[in-house]
Structures are given as C-alpha cells and as structure tokens.
Amino acid sequence: MPKNKGIIGAAEHVAIIMDGNGRWAKSRGKPRLYGHRAGAKRVRDIVEACPQLGVKYLTVFAFSTENWKRTQTEVAGLMKLFKKYILSEAKRLVDAGVRVRFIGDRLRLEPRLVQLMDELEKMTSKNTLVNLTVAINYGGRDEVARASRRMAQDVAKGKLNPDKVNEQTLARYLDTYVLPDPDLVIRTSGEARISNFLLWQSAYAEYEFVKTLWPDFTVRDFQEIVSIFGSRKRRFGGLLAS
C-alpha cells in the first residue's frame, strides 16, 4: 500500500508512455525514424523540467518487448538512436544531476548498447536531483515473469521461505525494486491503453491520456498535467476523511 494515502501534493514519480512518434513523422511526409529522433529530443526537455515541478522520478517507455514486431529497418534505427542518445547526452545528464537507470530484459539487446547502458548508469550513479529510468525491451508481464522466476530459484535454493512470500517480496525482484511506485502515468497520442507498462507498479497510479503526439508534448503540457494531479485526493481504496 502506498505511503501517501489520501494526500494532495506533487507527483513524486511520473511515468510516460511516449506514443505518437511515427504518426508525427508521417504527418510531415517523413520516415518513422524522423519522429523517433524528434521524440528523443523531447525527453531532454521533460527531464529538465522535473526539478521545478517536484518530480523526483521520471520513467519513460522507450521500447517494448512487443516492438520487435516492427520492421527490421525501424528496429535497427531505434537501437542506433539509443546508442547515439547515450553518447550525446551522457555529459549533459551527469552535469544536470540526473541519475539514469535502465529497466527491461537486456539479453536480447546488442552487446555494445548494453555496454553503453551500463556505463551511463555507473557515470550517473551518484546523482540525486532527478532519477530517470528508461524502459528498453521492457514489458510488464515479462518483468513479473522474470521476477517470479528469480524468486522461485531462491525458494529452490532455500534462500526464501515460500510461506513468507507476499506482495512486498515479489516487488523486491522487479526491475524497479529501488524505485517508488509511479503516482502518475501519462500516455500521449490519444490512445487510451497502458500497453503492458509497469503493470504491477501502477496499481494505484493516476492516469492521464492526452491527444498530443509525443514530439509535440511540451513542458507546458507536462506542467499542466502535473498541476492537475496535485489537486487530486488519492484514496487508495479507502475513504476520504470528511
């Protein structure tokens, strides 16, 4: 159960499903990767806006376990874009006090990308201003399955008593075990679905589905949504005090 039961206040952890890059590019007569590049630049703006809005944790959905179904050209282009983003943004992120983490199954990713991810995590490990988590080859069901497998292995080894397993136990095996649950989940582009993103963690999150395509999602849009969230009373299944 979340600790901030019934409070009104800032969204400490915001998660974003960054949707609409391809449609944004198509509307301009450009290839889909043009939209993904524009979307990557938008991430920088949103990260920089977090401190003044009281957002301590930002988690973005960059590539899902289902995205491998896209064309080989697009997938290859996205992997190249991820590497380029890490190389170009590393110093900026370090200097800005941003700590970067990656979640998802890294086994399918190419070794060079995994190496860059590891290096960026290490470079930013002492930063505390903003915690940026990037989900790559991530799926909520896949994450729970991997966590359950690791937990079962510990039970088999005698490291974990199955009779003691509860919600908190499983949470410690998730990719996000060091992060608080998201308070607010935003999806851009007008689609009203959660697309297998942070299924376990978002059980009590507030959701906002906006029509704006991700490359057009501005800091002002972000500020307005976070501000609206700040006026909500969250009951987490209970009743508000009269």
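Couple of notes before you dig in:
To keep it simple, each residue is scored yes or no on (1) under 16 Å from GLY22 (Cβ atoms); (2) among the acidic types (Asp, Glu).
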{"residue": "GLU66", "(1), (2)": "yes, yes"}
{"residue": "VAL75", "(1), (2)": "yes, no"}
{"residue": "LYS80", "(1), (2)": "no, no"}
{"residue": "GLU89", "(1), (2)": "no, yes"}
{"residue": "LEU93", "(1), (2)": "no, no"}
{"residue": "LEU109", "(1), (2)": "no, no"}
{"residue": "ARG112", "(1), (2)": "no, no"}
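- Search result, residues across segment 195-207 that are among the hydrophobic types (A, V, I, L, M, F, W, C) and over 12 Å from the mean Cα position of the chain (by Cα): TRP200, ALA203, ALA205
- Evaluation of GLU224 against the conditions (1) surrounded by 15 or more Cβ atoms within 10 Å (Cβ to Cβ); (2) modelled with pLDDT of 95 or more shows that the sole unmet condition is (1).
- Selection count, segment 179-215, where residues are free of Cβ contacts under 8 Å to residues at least 60 places away in the same chain, farther than 22 Å from ALA25 by Cα and β-branched (Val, Ile, Thr): 0
- When GLU143, GLU119 are checked against the criterion of being surrounded by 17 or more Cβ atoms within 10 Å (Cβ to Cβ) and of a type in the set (D, E, K, R), a single residue qualifies: GLU143.
- Just one of the numbered conditions (1) free of Cβ contacts under 8 Å to residues at least 60 places away in the same chain; (2) outside any helix (DSSP H, G or I) is not true of ARG92: (2).
The values are calculated or read from the model by the stated rules, or taken from the named source; none is laboratory data. Here the structure is a predicted model, which is why all the values come from computation and not from measurement. Cβ atoms come from the backbone with ideal geometry, glycine included; neighbour counts cover every protein chain shown.
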